[in-house]
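Asker: Got a structure for you, written out below as structure tokens; questions coming shortly.
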Amino acid sequence: MRPWHGKLFFLAGFVLCVLTLSSWHTSKSENLPSQLHLVYARLLRAEQRGAVLSQELLKVLGHLQNRSIALSNLTIRNSSAELETRVIQHLLPSQPNALIYLPHLKEHKDSLKPIVHLGQRRTGVSLVLGVPTVYRQKQSYLVNTLQSLLYDLSTAERKDIVIVVFVAETNATFVNAVVQSVQTNLPNAVSSGLIEVISPSPHFYPDFSELKETFGDPKERVRWRTKQNLDYSFLMLYAQFKGTYYLQLEDDIVAKQGFFESMKKYIELVLFEEWLFLEFSQLGFIGKLFRTSDLPMIVEFILMFHKDKPIDWLLDHILWVKVCNPEKDSKHCSDEKARLKRSYKPSLFQHVGLHSSLPGKIQNLKDKNFGNQVLYKAHNNNPSAEISSSLEKYQSHSLERAYNGQDFFWGLTPKRGDYILFTFSTPQAVKGYLFRSGNVETNGDRFFNTTVEVLPNNKSVKEKVERGELSCCKPSSDGFVEIGSFENGVAEGEVNGALEEIAAMRLLVHSDSDVWVLLSEIFIKV
């Protein structure tokens, strides 16, 4: 809990208790339990309001950061780092006693300071997603994981989260390769501040050669799990001041469509109840959500025992320490721990990696509560239209079924000049459109260099476009007017009313592609 939160909650609790005690004075003794419950509920609400206030202050700090950058001759990175240091020192809880558990850090004062490679240092969001990534001998899943997380986020949702990729290595060549890969594959997410990429100081990790072998694990596995504990701790320390909640993920998972909305609804459901973390996956440390105000305590516990046990065991031990009574049986302990960890079903994240970051380890871990992925989003109210295309469909995944909300469309490799044409049964006053290519399982099969075009029903409108009198669009071929294009696999926008009624819409491919194409969502708003 933040120090000034404590004062706020103490004051709120004191006032509430005085008011409640005065009412108890005239109440019957049998009403005491309900009165206590009422006070507890009020205190929880006060704490939540304090957390909201905290995030508002962080947003203000973000604005001040931007102002500082604009007025200063310092670089963005230096300005941000200085502000970040002031935030940590003055508003946030003290860092865990890392120097006690990692004494080698005393030799280099900046050992706990992250190196920020990409990002806009976004703060004040609802959700921070932590994604540690390490070198794998066989295959990297990182980009696919990030694309899965971003797949169907709305514009508002993209502004309310930040994904922190922690490259948990000190090899500069590998770190730079990851940075370049993320920048190349997800440029818009990086430039907007949605994705950040950080790495540790070269002096962060201790000498792992002296680790004691425990629980029958060979030295290499002990080293692997010990480093993993330090990786999680470093990432949590960085994330603690960026938002209200922190979600722990891995670099080899796939997210269920609509995961953010599902999480928000569940959090609202248990908002005023007592819990330490929420489980959105049943596997290991994947999908565990914490309040950021709890992270300092959790990190300190992990650091205290980072050489002794794996992370999931340590998390269970935190629950045991908090609620289990040694004088009572194991069932009582299990019931009490279940209160502090709430499991959401079906799971929202599935493990997909086959090759572990531990060399030579193959892991076929699957969350049986994940269920089946939704591979398309249905819209059953698209206007009646005749559909034609130069693209060859794959099996039964036709455009007609996709347009009617029954399936996704899957076509063979597009070539320059290929098209999809929607000719409306009657001209339509189209207000907007959304075409989403790829899906959570086949995210690479997207439209590239492809435009969205409309055919105005009114000849005079076409002439205005050709004369450059309408700034909304530009002329294409065959009387069509270009109104948008695909970016990162998605084409979305409004249709200017000046175009009046529309006779047809088409998607036009302008260059050869190397991959097939999949349309998982087609929505024409009228």
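The values are calculated or read from the model by the stated rules, or taken from the named source; none is laboratory data. No experiment lies behind these values; they were computed from the predicted model shown. For neighbour counting, all protein chains shown are included, and Cβ atoms are generated from backbone atoms with ideal geometry for every residue, glycine included. We work out accessible area using only protein heavy atoms, side chains counted, and drop any ligands, DNA or RNA first. Shrake-Rupley method; radii C 1.70, N 1.55, O 1.52, S 1.80 Å.
Asker: Quick one: in region 413-460, which of the residues that are among the aliphatic types (A, V, I, L, M) and more than 16 Å from N496 (Cβ to Cβ) is farthest from the chain's Cα centre (by Cα)?
Answerer: Taking region 413-460 first, the residues among the aliphatic types (A, V, I, L, M) are 420-421, 429-430, 434, 440, 452, 454-455.
Right, trim to more than 16 Å from N496 (Cβ to Cβ) and you get 420-421, 434, 440.
Working: I420: 33, L421: 35, L434: 22, V440: 14 Å.
Here the residue is L421.
Asker: Also: Return the only residue of L319, L303 being closer than 27 Å to Q228 by Cα, in contact with a Lys or Arg (Cβ under 6 Å, 6 or more places away or on another chain) and either open to solvent by 90 Å² or more (accessible area, probe 1.4 Å) or aliphatic (A, V, I, L, M) (or both).
Answerer: Unique residue meeting the criteria: L319.
Asker: Here is a follow-up. Spot the failing condition for G468; the list is (1) in contact (Cβ under 8 Å) with a residue 40 or more places away in the chain; (2) part of a loop (DSSP other than H, G, I, E, B); (3) open to solvent by 40 Å² or more (accessible area, probe 1.4 Å), and only one is missed.
Answerer: (1)
Asker: Of all the residues that make up region 278-313, how many are under 20 Å from the mean Cα position of the chain (by Cα) and without any contact (Cβ under 8 Å) to a residue 40 or more places away in the chain?
Answerer: 1
Asker: Only one of L186, L211, L105 is in contact (Cβ under 8 Å) with a residue 40 or more places away in the chain, aliphatic (A, V, I, L, M), closer than 28 Å to F305 by Cβ and open to solvent by 10 Å² or more (accessible area, probe 1.4 Å); which?
Answerer: Details: L186 fails: closer than 28 Å to F305 by Cβ; L105 fails: open to solvent by 10 Å² or more (accessible area, probe 1.4 Å).
Among L186, L211, L105, only L211 is in contact (Cβ under 8 Å) with a residue 40 or more places away in the chain, aliphatic (A, V, I, L, M), closer than 28 Å to F305 by Cβ and open to solvent by 10 Å² or more (accessible area, probe 1.4 Å).
Asker: Taking S199, is it open to solvent by 10 Å² or more (accessible area, probe 1.4 Å), touching a residue at least 24 places away in the same chain (Cβ under 8 Å) and farther than 17 Å from Y101 by Cβ? Write out each step before concluding.
Answerer: Working: open to solvent by 10 Å² or more (accessible area, probe 1.4 Å): no; touching a residue at least 24 places away in the same chain (Cβ under 8 Å): yes; farther than 17 Å from Y101 by Cβ: yes.
In short, no.
Asker: From F435, F422, F447, grab the single residue that is among the hydrophobic types (A, V, I, L, M, F, W, C), out of contact with any helix residue (DSSP H, G or I) (no Cβ under 7 Å at 6 or more places or on another chain) and closer than 19 Å to D512 by Cβ.
Answerer: Result: F447 is the single residue among F435, F422, F447 that is among the hydrophobic types (A, V, I, L, M, F, W, C), out of contact with any helix residue (DSSP H, G or I) (no Cβ under 7 Å at 6 or more places or on another chain) and closer than 19 Å to D512 by Cβ.
Asker: A further question follows. Filter region 246-266 down to the residues that are in contact with a Ser or Thr (Cβ under 9 Å, 6 or more places away or on another chain), open to solvent by less than 20 Å² (accessible area, probe 1.4 Å) and farther than 24 Å from E521 by Cβ and list them by number.
Answerer: Residues satisfying the conditions are Y246, L249, D251, D252.
Asker: Tally time: how many residues in region 268-289 are in a strand (DSSP E or B) and either under 16 Å from V352 (Cα atoms) or of a type in the set (A, V, I, L, M) (or both)?
Answerer: Number of matching residues: 2.
Asker: Only one of these conditions is not met by S293: (1) hydroxyl-bearing (S, T, Y); (2) within 22 Å of L375 (Cβ to Cβ); (3) surrounded by fewer than 22 Cβ atoms within 10 Å (Cβ to Cβ). Which number is it?
Answerer: The number of the failed condition is (2).
Asker: Residue by residue through region 507-526, note down the ones that are open to solvent by 20 Å² or more (accessible area, probe 1.4 Å) and either assigned to a strand (DSSP E or B) or within 23 Å of N404 (Cα to Cα) (or both).
Answerer: If the condition is that a residue be open to solvent by 20 Å² or more (accessible area, probe 1.4 Å) and either assigned to a strand (DSSP E or B) or within 23 Å of N404 (Cα to Cα) (or both), then L508, W516, F523, K525, V526 are the ones that fit.
Asker: List the pairs whose first member sits in region 253-277 and is within 12 Å of G287 (Cα to Cα), whose second member is basic (K, R), and whose Cβ atoms are under 7 Å apart, counting only residues at least 6 apart or on separate chains?
Answerer: Pairs that qualify, where the first residue is within 12 Å of G287 (Cα to Cα) and the partner is basic (K, R), are F277/K288; F277/K341.
Asker: Exactly one condition in (1) among the aromatic types (F, W, Y); (2) part of a loop (DSSP other than H, G, I, E, B); (3) buried (at least 22 other Cβ atoms within 10 Å of the Cβ) is not met by F234; state its number.
Answerer: (2)
Asker: Return the total of residues in region 485-506 being in contact with a Gly (Cβ under 8 Å, 6 or more places away or on another chain) and surrounded by fewer than 18 Cβ atoms within 10 Å (Cβ to Cβ).
Answerer: 3
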